[in-house]
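Only one structure is covered here, and it is reproduced in the block below.
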Amino acid sequence: MDWLNSLLWDPSSVAHIVLLYSFVIAIGVMLGKIKVAGISLGVTFVLFMGILMGHFGFTVSTPILHFLREFGLTLFVFCIGLQVGPSFFTSFKKGGMTLNLLAVLIIVLNIAVALTIYFIANGRVDLPMMVGILYGAVTNTPGLGAAQEALNQLHYTGDPIALGYACAYPLGVLGIIGSIIAIRYIFRVDFAKEEAQLSQNEDEEKQKPHMMTLEVRNEAIDGKRLLQVKQFLGRPFVCSRLRHEGHVIIPDQDTKFCLGDQLFMVCSEEDAEAIIAFIGKQVEVDWEHQDLPVVSRRVIITKSNINGKKLGDMHFRSSYGVTVTRITRSGMELFASPNLTLQVGDRLMVVGREDAVNSVGLVLGNQMKSLNTPNIVTIFVGLFLGILVGSLPISFPGMPTPVKLGLAGGPLVVAILIGRFGYKMKLVTYTTTSANLMLREIGLVLFLASVGIDAGAQFVQTVLQGDGLLYVLWGFLITVIPLLAVGIFARAYYKVNYFILMGVIGGATTDPPALAYSNQVAGNPAPSVGYSTVYPLTMFLRILAGQMILLTMM
């Protein structure tokens, strides 16, 4: 029976390590799918399963456990960075600035409440444990990992901060959703009025393409070339088809406009009224039944040599006689501006003769299967650069220890930059959603299982004989006080739509269960809009905040 004893209890055995992690992750993920009152803890149950196994003596040798924990964390935050990178900088535009400021205020108040409790407790809880409680209260696992990395830099040997995280997490989830519900009743929110307000503000996307058919009525442009009309207007548009005396052509820059010509136009929504007023009136034309065999087809960019090129530099109209009217990227439609930078995975709506559209497809690739192959080079180049950046010591006056972004902050910053600007370095950053989620979830469960196994030996003693119940109470206060304060302020002062505010609260705490609840209650995509607007900045600040607290105050 030595083989069985080694399999179950030898912490340095590869078979034991794989068996233990597989069991903890599998059972934890299955338990995380169980819903109580429509709420589940999701993958975080892996942490509790790891704590349970650690409590009963199942463990892993320290070097291997630390490797799996840090590798899982690095992989997780890097994939998050790649996902949020393209939208990180654009999230500050227009109304997004207000929403991000509200999210930052929530983060600041979370920290303020946590530090206030820490000073009032007067030594009853040490600072690292309070940081663990803080991250459990806001359900932010990457921040916990970053804080653990900072403690490694400081050679901390106290109680595992995952104990505080585990104590605060369950009521953290309930507190976030409870705050959303409380704000609804405080302001007696009428869902019908909130829906009406959303419908009035649907023109907020500048880049959203608008399609229309216009008849030329302005005598001032009679006989003028398409290029001249664009210069007169000073607003970008695409004219993909022109009907002159019953015949349809695909216009180029030298095509002349005549009174009575009918034009199929694509422009941004905010420019539509000005273009209509300048050219003529809107009319109805059945473009599918005209004398020119024109097709409209989506073509996918799959060739890496196209990555980073501008649409105007491809000369599709002059070379192939086709027009690109709009582009779909990450589920969002963009106006086909000549200055738009193309990326692998973009879907271009191409209009023209069928043979010409097919030729453009050959130039761009249009091979969907090739997108299913992950770009391993980009991932490992990013991890390499992220570790280098995270290891750089940054000295600040008054700090006893140089600050490092660490294994969480470094890869996160590099991934955000690669996701946004990677095409300039000829890095193909496209990754299918399923591939990104797979890598991200593998990293997360490895981290959670490692943290749980490491903390399990002391968890029961901390909760039953120590201050575990106090940790639960403190975590609840850290969760609820900032959310209610900022939520009431956002509604009373900024008049933020309730559906958007639900998403902002979920995004400011990076809490997927809160988003799922909000989407279910709202029945529209508004909570997802609020969530995705503040999520990138929130995740970045959450990961860095704990490190800064520990490095400046310990």
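The values are calculated or read from the model by the stated rules, or taken from the named source; none is laboratory data. As the structure is a prediction and not an experimental result, all values here were calculated from the model. Here the Cβ is made from the backbone with ideal geometry for all residues, glycine too, and neighbour counts use every protein chain on show. For accessibility, only protein heavy atoms count, side chains too; no ligands or nucleic acids. Shrake-Rupley method; radii C 1.70, N 1.55, O 1.52, S 1.80 Å.
Is it the case that some residue within segment 115-137 is at pLDDT below 85 and charged (D, E, K, R)? Among the residues of segment 115-137, at least one is at pLDDT below 85 and charged (D, E, K, R), which makes the answer yes.
For beta carbons closer than 6 Å, sequence separation of 6+ or different chains, a first residue in segment 533-544 that is at positive phi and among the β-branched types (Val, Ile, Thr) and a second that is in a helix (DSSP H, G or I) and surrounded by fewer than 23 Cβ atoms within 10 Å (Cβ to Cβ), there are no qualifying pairs.
At least 1 residues being over 19 Å from Gly352 (Cα atoms) and touching a residue at least 24 places away in the same chain (Cβ under 8 Å) is the threshold, and among the helices (runs of 4 or more DSSP H) wholly inside segment 209-324 those reaching it are 226-233, 272-279. The residues in segment 481-498 that are surrounded by 15 or more Cβ atoms within 10 Å (Cβ to Cβ) and of a type outside the set (Val, Ile, Thr) can be counted, and the count is 9.
Within segment 150-167, identify whether any single residue is open to solvent by 10 Å² or more (accessible area, probe 1.4 Å), in contact (Cβ under 8 Å) with a residue 24 or more places away in the chain, within 17 Å of Ala514 (Cα to Cα) and in contact with a Phe, Trp or Tyr (Cβ under 7 Å, 6 or more places away or on another chain), and answer yes or no. Among the residues of segment 150-167, not one is open to solvent by 10 Å² or more (accessible area, probe 1.4 Å), in contact (Cβ under 8 Å) with a residue 24 or more places away in the chain, within 17 Å of Ala514 (Cα to Cα) and in contact with a Phe, Trp or Tyr (Cβ under 7 Å, 6 or more places away or on another chain), which makes the answer no. Screening segment 108-149 for residues that are within 24 Å of Gly50 (Cβ to Cβ) and in a loop (DSSP other than H, G, I, E, B) and picking the one that is most open to solvent (accessible area, probe 1.4 Å) gives Asp126. Of all residues in segment 283-300, those that are open to solvent by 60 Å² or more (accessible area, probe 1.4 Å), within 15 Å of Phe264 (Cβ to Cβ) and at pLDDT below 70 total 3.
Residues that are within 22 Å of Ile183 (Cβ to Cβ) and modelled with pLDDT under 80: list the helices (runs of 4 or more DSSP H) wholly contained in segment 434-541 that include at least 1 such residues. Explain how you work it out, then say what you get.
Numbers: elements: 468-489, 498-508, 512-522.
So the answer is 512-522.
Filtered by the rule that a residue be over 21 Å from Glu273 (Cβ atoms) and charged (D, E, K, R), segment 225-258 gives Arg225, Arg241, Arg243, Glu245, Asp252, Asp254, Lys256.
Checking segment 302-316 against the condition returns a match, with at least one residue being buried (at least 18 other Cβ atoms within 10 Å of the Cβ), at pLDDT 80 or above, over 26 Å from the mean Cα position of the chain (by Cα) and on the phi < 0 side of the Ramachandran plot. Looking across Gly246, Gly260, Gly280, Gly223, one residue alone is in contact with an Asp or Glu (Cβ under 7 Å, 6 or more places away or on another chain), small (Gly, Ala, Ser), surrounded by fewer than 17 Cβ atoms within 10 Å (Cβ to Cβ) and over 20 Å from Pro338 (Cα atoms). It is Gly260.
The set of residues from segment 175-186 being open to solvent by 10 Å² or more (accessible area, probe 1.4 Å) and in contact with a helix residue (DSSP H, G or I) (Cβ under 8 Å, 6 or more places away or on another chain) comprises Gly178, Ala182, Arg184, Ile186. Listed by first and then second residue, the pairs with beta-carbon distance under 6 Å, at least 6 apart or on different chains, first residue in segment 63-90 and of a type in the set (Ser, Thr, Tyr) and modelled with pLDDT of 70 or more, second open to solvent by 20 Å² or more (accessible area, probe 1.4 Å) and assigned to a helix (DSSP H, G or I), are Thr74/Leu407.
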